[in-house]
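Contents: one structure, followed by commentary.
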Amino acid sequence: MNVYKVVATPKAREDLKRYAGYLKNVKKNPQAARNVIDDFLSTKEELAKVAGSVQEAQSEKLQSLGLKRLNFQKHDYFLLFQFDGNIVKITNMFHASEDYERKLN
């Protein structure tokens, strides 16, 4: 089994901070924010193990950008990622209810 080095881009880290900040400051739920951060980290760890076996995205937009999707293990968020050699780059994080394709460049 290949184990990949996984890195989160500045954009992905910004996305995580935005969602956690929303939960903590707007929803006034710091525990929910912590839980999403923990889920991000565990999903990132899982990605190191499974990145090579994640199916191609069904979305033509994601395919055209060379991106794949991995859902969080416990929350309604997901990561978008791409390969750069043996490195997996997490490029974005979105909530499942968002129109994420519209937000991608």
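What follows draws every value from the coordinates through simple rules; no lab data is involved. Small disclaimer: the values here were computed from a predicted structure and weren't measured. In this analysis, Cβ positions are derived from the backbone assuming ideal geometry, glycine residues included, and neighbour counts consider all displayed protein chains.
Descriptive notes on the structure:
- Helix 10-21 vs. the chain, principal-axis angle (Cα, 0 to 90°, nearest 10): 30 degrees
- For the residues VAL50, VAL26, VAL36, a GNM of the chain with alpha-carbon springs under 10 Å puts the largest fluctuation on VAL26.
- Over segment 5-96, the Kirkwood radius and the radius of gyration, each from Cα atoms, give a ratio Rg/Rh of 0.98.
- Listed cross-link partners LYS17/LYS89; LYS5/LYS28; LYS27/LYS89; LYS28/LYS49; LYS44/LYS74 are compared with a 23 Å cut-off, the Cα-Cα value being larger for LYS5/LYS28; LYS27/LYS89; LYS28/LYS49.
- Beta bridges by DSSP in the chain, antiparallel share as percent, to the nearest 5: 75 percent
- Shape class of segment 62-105 from the Cα gyration tensor (axes a ≥ b ≥ c, square roots of the eigenvalues): oblate, since a/c reaches 1.5 or more and a/b does not exceed b/c.
- Computed label-point distance, nm, for sites LEU41 and SER97 using a 7 Å Cα→Cβ extension: 2.7 nm
- Each residue, GLN58 and GLN82, gets one label point 7 Å from its Cα in the Cβ direction; the gap between the two is 2.3 nm.
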